[in-house]
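Only one structure is covered here, and it is reproduced in the block below.
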2 protein chains.
Amino acid sequence: MEQGDAEEQAHYASVLLSFREYEAFVMREIFRRKKHLQSLHVDMQRRLPQSSTMRNLHHFVNAAHHNQLFLERIVQAQLEHEHVELPQVNPKTPLQSPPRHLAKLKSTLHQFVRDWSEEGKKEREMCYAPILKELKRVLPVKPENQNMQRVLIPGAGLGRLALEIAAKGYAAQGNEFSYQMLFASNFILNWATQPGEFEIHPWIHNPSNALAITDLLRPVQIPDVSPTQLLGLDKGNRPDFSMCAGEFLEAYANDKECWDCIVTCFFIDTAPNVIEYIAAFERMLKPGGYWINLGPLLYHWQSGGGDDDERYAQSVELSYEEIKHVMGTYNFKILKESQRECEYTSNVKSMMKTVYNCAFFTAVKDVPAAQ
Amino acid sequence: MEQGDAEEQAHYASVLLSFREYEAFVMREIFRRKKHLQSLHVDMQRRLPQSSTMRNLHHFVNAAHHNQLFLERIVQAQLEHEHVELPQVNPKTPLQSPPRHLAKLKSTLHQFVRDWSEEGKKEREMCYAPILKELKRVLPVKPENQNMQRVLIPGAGLGRLALEIAAKGYAAQGNEFSYQMLFASNFILNWATQPGEFEIHPWIHNPSNALAITDLLRPVQIPDVSPTQLLGLDKGNRPDFSMCAGEFLEAYANDKECWDCIVTCFFIDTAPNVIEYIAAFERMLKPGGYWINLGPLLYHWQSGGGDDDERYAQSVELSYEEIKHVMGTYNFKILKESQRECEYTSNVKSMMKTVYNCAFFTAVKDVPAAQ
């Protein structure tokens, strides 16, 4: 085994272990709430309603445990692929995972809501629906090109958009780098057989901005539709869908003019250097191929996230105007352009949400006529 | 001088010094951007437009310097009140201020936009306009009660809402704890004589989510209206307006049944224990007095902010439902209640914004008939 492989294996095991440590992690926060509530003056405690957090913290404990059972299913699905020795943990075991891994588990649960719940439908309508419509417009599916137009979706997350694209009759490939997302998408894509099969409690982590405690505790059923159904496998449809694990630039380093369309949704700002992504898109697309983008420019590597990843030392944060100029130097011609308000893993019941004014554009790789 | 006073003085001087260190602080970020852009491959650098950050970083340097000149005016205004020995600093001096003080200076510039610019008007219409309307409804101003109805505005920030209330004919008092806000409000309230007198560049701090670099660099003129004009002093109006510095619970510890109305706007979630605020409001209001509230429940002391303030160890995060129940136990009766979408120091040109689904209510202190 090479050194790179050994490091990769260690990272794989470390992320997988963090899935198992979720409950122990969340219990620390629930214990904090309990301690603070119990140190309230008794006169104040008496003023709280029967339904208060004070009297209902055990529901949070139960919900965290419920989430852990779900995450353990994801761990089990991974262990079927690849044998890894993982320690057993319980809520009292000292945490071994770095805080950033544990924090990502909360986001992973939120991603399930975005991609695979009825509650996430509104968000998907904002982001995925206009992309699907635009894809249909520039590359219509006809009987003679069914499953032949190759569409790549980098940053595929839990795979919903990629799957929707495959279901429409494209040869769709999702690419994803994060093990959290890969483990979770592997599970939902390959193990979910019917709508509402699993129940999670994704909103227990943050007690702020709650109208009611029941809003924090409310369960979310996933998936809203089984991947099998969505792809029409049960009706004899034979879609072309795949997921590719790996860092985008590395995974597609050798691809040249082989994609009909690249769809980026909340993706390009994950680049330390977005120009490298643009260059890669240009290389990978066939002449006349399309790049459809929707997303903000919330550059992920802008400021140090408490770890020493070297990408923090490279981050450049281009404005949208600069990106469009750079696109021009790579022969991209913007055909259509607008701004769209979208949300990303919003809690619909929270008193606070983030709204992105996304850049939504379609560009064509416009190869100059005379070479 | 007592120990408490000495500590307070040291804190005062430390916050004041941070105003002077703003430019040096921001220059570190601008230098980071420069270093990262310069390490781009030369082919990529060539693809950037003439207008790019790459070629325009000196505009950010100038803007930071411009902001520093403005903040130095604020420092000078404070030094007229109270003599403090402050070291001179320049952009190359090592920073003495704690990061949290420096971070608050960015927010202070944003607060100027919210409270004292034309650009902030939309935000004020969302938050202040409904409050002013409701205040007028419950406590109409008539010739016979002109400047006699006492309204307290805790968490007054840069004083705009309190001033608007005074201008309408109430005896208005703003209360504010943060020295950043107090220094800034002292300056704008007492030193600004005409609209557009000062120019700041509040949006240079964050390069993400920019449509164009000019959006980041754009100047904002303040104030939109001079406080003198707003209060009608130039027209012979004699309003009753004051600001009270200090922590809310301490500053009003001895007030009993002396306020006609307490207006809280984005305030109650600054309490480590919101029940203490509710108890204080009940004690301070006259029987039949009103509490008008608008805000989310983004509890400020929920998680450690990197400092060891003991309030982090007390924070309780009640849901809105719990708060209403507690209000009932303090004889508050909610007369009117709704939810309103509001923003807070939003950058109108950014591709990302936070939207709060605020609880907006009017409650009356409903003292039981038979004692």
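Would you confirm, using the coordinates I've provided, whether B:Gln173 is of a type outside the set (Ser, Thr, Tyr), free of Cβ contacts under 8 Å to residues at least 60 places away in the same chain, out of contact with any helix residue (DSSP H, G or I) (no Cβ under 6 Å at 6 or more places or on another chain) and not in a helix (DSSP H, G or I)? Don't jump to the end; show me each part of the working.
Values: of a type outside the set (Ser, Thr, Tyr): yes; free of Cβ contacts under 8 Å to residues at least 60 places away in the same chain: no; out of contact with any helix residue (DSSP H, G or I) (no Cβ under 6 Å at 6 or more places or on another chain): yes; not in a helix (DSSP H, G or I): yes.
It is false that B:Gln173 is of a type outside the set (Ser, Thr, Tyr), free of Cβ contacts under 8 Å to residues at least 60 places away in the same chain, out of contact with any helix residue (DSSP H, G or I) (no Cβ under 6 Å at 6 or more places or on another chain) and not in a helix (DSSP H, G or I).
Quick check on the stretch B:19-29. Is at least one of its residues in a helix (DSSP H, G or I) and within 12 Å of chain A (Cβ to nearest Cβ)? Please lay out each step first, then the result.
Our first condition is that a residue be in a helix (DSSP H, G or I); within the stretch B:19-29, this holds for B:19-29.
Still in the list and also within 12 Å of chain A (Cβ to nearest Cβ): B:28-29.
Checked the stretch B:19-29: at least one residue is in a helix (DSSP H, G or I) and within 12 Å of chain A (Cβ to nearest Cβ).
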Count - residues of the stretch A:198-232 that are within 14 Å of chain B (Cβ to nearest Cβ), surrounded by fewer than 18 Cβ atoms within 10 Å (Cβ to Cβ) and either charged (D, E, K, R) or in contact with a Pro (Cβ under 6 Å, 6 or more places away or on another chain) (or both): 1
Unmet requirement for A:Arg55, which otherwise passes all of (1) of a type in the set (D, E, K, R); (2) modelled with pLDDT under 95; (3) within 27 Å of the chain's Cα centre (by Cα); (4) assigned to a helix (DSSP H, G or I): (3)
Test: residue in the stretch A:343-350 that is β-branched (Val, Ile, Thr), within 18 Å of the chain's Cα centre (by Cα) and on the phi > 0 side of the Ramachandran plot: yes
Scan of the stretch B:327-350 for residues that are within 20 Å of B:Asn293 (Cα to Cα) and within 11 Å of chain A (Cβ to nearest Cβ), ordered by number: B:Met327, B:Gly328, B:Thr329, B:Tyr330, B:Gln339, B:Arg340, B:Glu341, B:Cys342, B:Glu343, B:Tyr344
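Any chance the stretch B:214-221 includes a residue that's part of a strand (DSSP E or B) and within 25 Å of B:Leu182 (Cα to Cα)? Lay out the reasoning, then the answer.
First, the residues of the stretch B:214-221 that are part of a strand (DSSP E or B): B:220-221.
Retained after the next criterion (residues that are within 25 Å of B:Leu182 (Cα to Cα)): B:220-221.
Looking through the stretch B:214-221, at least one residue is part of a strand (DSSP E or B) and within 25 Å of B:Leu182 (Cα to Cα).
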Among (1) within 14 Å of chain A (Cβ to nearest Cβ); (2) on the phi > 0 side of the Ramachandran plot; (3) without any contact (Cβ under 8 Å) to a residue 24 or more places away in the chain, the one test that B:Gly236 misses: (1)
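Output the residues belonging to the stretch B:351-367 that are among the hydroxyl-bearing types (Ser, Thr, Tyr), within 11 Å of chain A (Cβ to nearest Cβ) and surrounded by 18 or more Cβ atoms within 10 Å (Cβ to Cβ).
Filtering the stretch B:351-367 down to residues among the hydroxyl-bearing types (Ser, Thr, Tyr) leaves B:354, B:356, B:362.
When the remaining residues are screened for being within 11 Å of chain A (Cβ to nearest Cβ), the result is B:354, B:356.
Matches in the stretch B:351-367: B:Tyr356 only.
Does A:Ser303 qualify as being of a type in the set (S, T, N, Q) and part of a loop (DSSP other than H, G, I, E, B)?
Working: of a type in the set (S, T, N, Q): yes; part of a loop (DSSP other than H, G, I, E, B): yes.
Judged against the criteria, A:Ser303 is a match.
In the stretch B:332-348, how many are assigned to a strand (DSSP E or B), touching a residue at least 24 places away in the same chain (Cβ under 8 Å) and not aliphatic (A, V, I, L, M)?
Restricting attention to the stretch B:332-348, the residues satisfying the condition of being assigned to a strand (DSSP E or B) are B:332-342.
Then keep just the ones that are touching a residue at least 24 places away in the same chain (Cβ under 8 Å); that gives B:332-337, B:340-342.
Pick out the ones that are also not aliphatic (A, V, I, L, M) and you get B:332-333, B:336-337, B:340-342.
Adding up the residues that qualify gives 7.
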Lone unmet requirement of (1) within 14 Å of another protein chain (Cβ to nearest Cβ); (2) farther than 20 Å from A:His201 by Cβ; (3) of a type outside the set (A, V, I, L, M, F, W, C); (4) in contact (Cβ under 8 Å) with a residue 24 or more places away in the chain for A:Gln50: (4)
Filtered residue count, the stretch A:180-202, keeping only those that are of a type in the set (A, V, I, L, M, F, W, C) and touching a strand residue (DSSP E or B) at 6+ places or on another chain (Cβ under 8 Å): 6
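Among the strands (runs of 3 or more DSSP E) contained in the stretch B:240-298, which hold 1 or more residues that are in contact with a Ser or Thr (Cβ under 9 Å, 6 or more places away or on another chain) and more than 20 Å from B:Arg160 (Cβ to Cβ)? Spell out how you get there, then give the answer.
Values: elements: B:240-245, B:259-265, B:285-295.
Answer list for the stretch B:240-298: B:285-295.
Within the stretch A:316-326, is even one residue surrounded by 16 or more Cβ atoms within 10 Å (Cβ to Cβ), among the acidic types (Asp, Glu), part of a loop (DSSP other than H, G, I, E, B) and within 14 Å of chain B (Cβ to nearest Cβ)?
Our first condition is that a residue be surrounded by 16 or more Cβ atoms within 10 Å (Cβ to Cβ); within the stretch A:316-326, this holds for A:316-326.
Cutting the leftovers down to among the acidic types (Asp, Glu) gives us A:317, A:321-322.
Narrowing further to those that are part of a loop (DSSP other than H, G, I, E, B): A:317.
Then drop every residue that is not within 14 Å of chain B (Cβ to nearest Cβ), which leaves A:317.
Yes, because at least one residue in the stretch A:316-326 is surrounded by 16 or more Cβ atoms within 10 Å (Cβ to Cβ), among the acidic types (Asp, Glu), part of a loop (DSSP other than H, G, I, E, B) and within 14 Å of chain B (Cβ to nearest Cβ).
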Condition met for A:Thr228 (among the hydroxyl-bearing types (Ser, Thr, Tyr), under 25 Å from A:Met352 (Cβ atoms) and outside any loop (DSSP other than H, G, I, E, B)): no
Criterion (more than 19 Å from A:Glu321 (Cα to Cα), buried (at least 19 other Cβ atoms within 10 Å of the Cβ) and of a type in the set (Ser, Thr, Tyr)) met by exactly one of B:Tyr22, B:Tyr12: B:Tyr22
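Could you count how many residues in the stretch A:173-222 are under 30 Å from A:Ala271 (Cβ atoms) and of a type outside the set (A, V, I, L, M)? Steps first, answer last, please.
Residues of the stretch A:173-222 that are under 30 Å from A:Ala271 (Cβ atoms), as a first pass: A:173-190, A:202, A:205-206, A:222.
Still in the list and also of a type outside the set (A, V, I, L, M): A:173-180, A:183, A:185-187, A:190, A:202, A:205-206.
Number satisfying all stated conditions: 16.
Assess whether B:Ala129 counts as being assigned to a helix (DSSP H, G or I), farther than 22 Å from B:Pro239 by Cβ and without any contact (Cβ under 8 Å) to a residue 12 or more places away in the chain. Steps first, answer last, please.
Numbers: assigned to a helix (DSSP H, G or I): yes; farther than 22 Å from B:Pro239 by Cβ: no; without any contact (Cβ under 8 Å) to a residue 12 or more places away in the chain: yes.
For B:Ala129, the condition - assigned to a helix (DSSP H, G or I), farther than 22 Å from B:Pro239 by Cβ and without any contact (Cβ under 8 Å) to a residue 12 or more places away in the chain - is not met.
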Criterion: closer than 19 Å to A:Ile153 by Cα, of a type in the set (Gly, Ala, Ser) and at the interface with chain B (Cβ under 10 Å from one of its Cβ atoms) - qualifying residue of A:Ala253, A:Ala279: A:Ala279
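Hey, can you tell me all the residues within the stretch B:60-101 that are within 14 Å of chain A (Cβ to nearest Cβ) and out of contact with any His (no Cβ under 9 Å at 6 or more places or on another chain)?
Quick first cut of the stretch B:60-101, residues within 14 Å of chain A (Cβ to nearest Cβ) only: B:60, B:99.
The answer is B:Pro99, and nothing else.
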Top-ranked residue in the stretch A:282-311 [being hydrophobic (A, V, I, L, M, F, W, C) and within 14 Å of chain B (Cβ to nearest Cβ); ranked as surrounded by the fewest Cβ atoms within 10 Å (Cβ to Cβ)]: A:Leu298
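The values are calculated or read from the model by the stated rules, or taken from the named source; none is laboratory data. Just so you know, these numbers come straight off a predicted model, no measurement behind them. Virtual Cβ from ideal backbone geometry, glycine too; neighbours counted across all protein chains shown.
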